[in-house]
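So the structure is just underneath, and the comments pick up after that.
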Amino acid sequence: MAFFLAIILISLGTALFFVGTVGLLRLPDFYTRLHAIGKCDTLGLILLMLGLMVYEGFSLNAVKLLMIVVLIMIANPTATHALARAAIKAKLQPWQKEGSVQ
Amino acid sequence: MGDFFLAIAVIIGILVILSLYRVVYGPGVWNRLAGVNIIGTKTIVILALVGFIFDRVDMFVDIALIYAMLNFVVVLIIARYYTKEEGEG
């Protein structure tokens, strides 16, 4: 049972990584790309680490994986926010659809 | 189960190579920074998976933890550096 749960969680995390990479490659602007990678990458890593924890069982290594999850839950949105804020301060203009009013 | 972990690690490696396109060709430094950030996150997962493949989870989990901290610090410092570069502080 735990075996299948681990496989499902790891596959979901890999699918989210794939969606984030497609967003990074295909979206038109820096801010929209940050929108894609900030959420998909964080949740994908959390799901993958949860799958590895379920496979590992209750041990010291599972606690260390949980520490990685907590660190990433704090660090990755903070890094994305810092990038967007630095780009705003450096006067990088957001993307506008053609024909829309500036 | 080791084969499954190996397949997942290979898939994530292919995704890293796809993300490298944004680092190499991305217009401007900000797109390159976004690519570096996403590649660092994927590398953490690859390190943990390599530990499970080689049955040395105790060692590779520590490396992944240190890599997560370093990735966070590097992105923060580079973003701050390029903010000051433009003169606003």
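What follows is calculated from the coordinates using simple rules that are stated; it is not laboratory data. What you see is a predicted model, and the numbers here were worked out from it, not measured in a lab. Cβ atoms come from the backbone with ideal geometry, glycine included; neighbour counts cover every protein chain shown.
Here are the numbers for this structure:
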{"quantity": "Gyration tensor verdict on chain A (Cα atoms; rounded if a/c is under 1.5, prolate if a/b is larger than b/c, oblate otherwise)", "calculated": "oblate"}
{"quantity": "Residues of the stretch B:1-37 with amide N under 16 Å of the 7 Å Cα→Cβ point at residue B:55", "calculated": "B:1-6"}
{"quantity": "Most to least packed among B:2-8, A:19-25 [average Cβ atoms within 10 Å]", "calculated": "A:19-25, B:2-8"}
{"quantity": "Number of partner chain Cβ atoms within 10 Å, mean per residue of A:89-96", "calculated": "3"}
{"quantity": "Anchor residue B:42: lysines whose Cα lies under 21 Å away (excluding residues fewer than 8 positions away in-chain)", "calculated": "A:39, A:64"}
{"quantity": "Whole-Hz ³J(HN,Hα) from phi, Karplus 6.51 cos²θ - 1.76 cosθ + 1.60, for the stretch A:6-19, glycine and proline x", "calculated": "5, 5, 5, 5, 5, 5, 4, x, 5, 5, 5, 4, 4, 5"}
{"quantity": "Inter-probe distance in nm under a simple model that places probes 7 Å from Cα toward Cβ, at residue B:70 and residue B:21", "calculated": "2.9"}
{"quantity": "Cα-centre dipole for the stretch A:2-89 with unit charges at Cβ (Lys and Arg positive, Asp and Glu negative), debye to 20", "calculated": "280"}
{"quantity": "Qualifying trypsin sites (Lys or Arg not before Pro) for the stretch B:1-63 [loop in DSSP, other Cβ within 10 Å: at most 16]", "calculated": "B:56"}
{"quantity": "Shielding by partners, peptide B:37-48 (average Cβ within 10 angstrom, other chains)", "calculated": "6"}
